[in-house]
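Encoded as structure tokens, the structure appears first; notes follow it.
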Amino acid sequence: MKRREFIVLGGTAGLLASTGISFAQDSWPSKPVTVISAYPPGGTSDILARLVADILTAEFKQQFILENVAGAAGALAGGKLARSAPDGYTILVSGSAPLAANKVVQTSLAYDPEADFEPITVLAASPALLTASMNAPANTLQEMLTYARENPGQLNIGNPGAGTKGHICAAIIGQSTGVEINHVPYKGSPPLMADLLGGHIEFSLDAPANYIPHIKAGKLKALAVTSAKRLAQLPDVPTVAEQGLEGYDQTLWFGIVGPKGMPAEIVAKINDTLKAWSTLPESQALLASFGVAAVLNTPDEMRATVAQEIQAIQPLVDAGLVQPS
């Protein structure tokens, strides 16, 4: 992770102290809490996991210790959480793949996201960003699609892991246009971005945070954002819908869960703390700098989000556009 990100996250305790946010405490937490991050250091999901650990450490005056458990598109982290005691001392912060999509895109998943996790909240959401290397044969989405039609089987789009929202967004583009797309899964965002910068892969669909500085520096090209509205940090980059795929609107989300059976009062404490933090203007600005916006919904609303995500992906699997692994 970049030094600036450590400095920003390290200042979270001071931000909380200055605003007077406080909630009544009982015996929990009486010892350190493990915050599992499902992806390698440096990606948006991991940045948010570190942020959550900092916020909760500052509020509860107990250490929330980050543990990276990366691999298998978040399935290793999901499996570890599912095996954890539901006592409030282990939580998982992750992008949506291990919290939803893995249920239908991984054939031998060792857990069920709906049956084995206790939803806490959807923390934040963001569009995905279609990015290209400087030597890619396209400067717009339509140019990329034209290249794919003229060169069947040659369009490779990287994503940070099978079943991630970048993977799903690309599959929907392929379904909508009839274009053949080769999905290239990576073990998280940092290695994908490194290959994109090095010209080893020409296109990626991923959360925007890591890519924005390189785009502004002229080292990468931004072709499209997947949400209905443009990204504030890249106002000149059109949406997918604006480039011919009418009605296209896909966002990726990052959530927090505990093991099934985690006490409701602990779920509520975590949810309330993060929701209060998210209302601060400084907090909103910090999240915006990562390319995301706060959601902080209820556990029941998160449960519905997970179910909707699974239902939306299943037809892509059935149509063979997303291959189970």
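The values are calculated or read from the model by the stated rules, or taken from the named source; none is laboratory data. From a predicted model like this one, the values you see are computed outputs, not experimental measurements. Positions of Cβ are backbone-derived with ideal geometry, glycine not excepted, and every protein chain shown enters the neighbour counts. Please note that ligands, DNA and RNA were not included when accessible areas were found on the heavy atoms of the full protein model with its side chains. Shrake-Rupley method; radii C 1.70, N 1.55, O 1.52, S 1.80 Å.
Name every residue in region 133-156 that is open to solvent by 70 Å² or more (accessible area, probe 1.4 Å) and in a loop (DSSP other than H, G, I, E, B), in order of residue number.
M134, N135, N139, P152, Q154
Among the candidates L245, L231, L252, single out the residue that is under 25 Å from A136 (Cα atoms), open to solvent by less than 40 Å² (accessible area, probe 1.4 Å) and over 17 Å from the mean Cα position of the chain (by Cα).
On the way: L231 fails: over 17 Å from the mean Cα position of the chain (by Cα); L252 fails: over 17 Å from the mean Cα position of the chain (by Cα).
Matching residue, one of L245, L231, L252: L245.
Each row is one residue, and each column tells you yes or no for (1) of a type outside the set (V, I, T); (2) assigned by TED's automatic domain parsing to the domain that holds Y211; (3) touching a Pro at 6+ places or on another chain (Cβ under 6 Å).
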position	(1), (2), (3)
N135	yes, yes, no
T140	no, yes, no
E143	yes, yes, no
N151	yes, yes, no
Q154	yes, yes, no
I157	no, yes, no
G161	yes, yes, yes
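Filter region 66-106 down to residues that are among the β-branched types (V, I, T) and within 17 Å of V317 (Cα to Cα) and give me whichever is surrounded by the fewest Cβ atoms within 10 Å (Cβ to Cβ). Working first, answer last.
We begin by selecting, within region 66-106, every residue among the β-branched types (V, I, T); these are 69, 90-91, 93, 104-105.
This time we only want the ones that are within 17 Å of V317 (Cα to Cα), so: 104-105.
Working: V104: 22, V105: 26.
Top of the filtered list is V104.
Before we move on, is D54 at pLDDT 95 or above, of a type in the set (D, E) and farther than 23 Å from V292 by Cβ?
In short, no.
Select from region 255-270 the residues that are closer than 30 Å to C169 by Cα and either in the same structural domain as N159 (by TED's automatic domain parsing) or open to solvent by less than 10 Å² (accessible area, probe 1.4 Å) (or both) and list them in ascending order.
G255, I256, V257, G258, P259
Name every residue in region 206-218 that is part of a loop (DSSP other than H, G, I, E, B) and either touching a strand residue (DSSP E or B) at 6+ places or on another chain (Cβ under 9 Å) or not assigned by TED's automatic domain parsing to the domain that holds G163 (or both), in order of residue number. Break it down stepwise before answering.
If we filter region 206-218 for residues that are part of a loop (DSSP other than H, G, I, E, B), which is where we start, we get 207-211, 217-218.
A207, P208, A209, Y211 - these are the residues of region 206-218 that are part of a loop (DSSP other than H, G, I, E, B) and either touching a strand residue (DSSP E or B) at 6+ places or on another chain (Cβ under 9 Å) or not assigned by TED's automatic domain parsing to the domain that holds G163 (or both).
Identify the residue in region 183-203 that is within 20 Å of P324 (Cα to Cα) and open to solvent by 50 Å² or more (accessible area, probe 1.4 Å) and, among all such residues, is farthest from the chain's Cα centre (by Cα).
So the residue we want is H183.
Quick one: how many residues across region 275-321 are among the aromatic types (F, W, Y) and surrounded by fewer than 20 Cβ atoms within 10 Å (Cβ to Cβ)?
0
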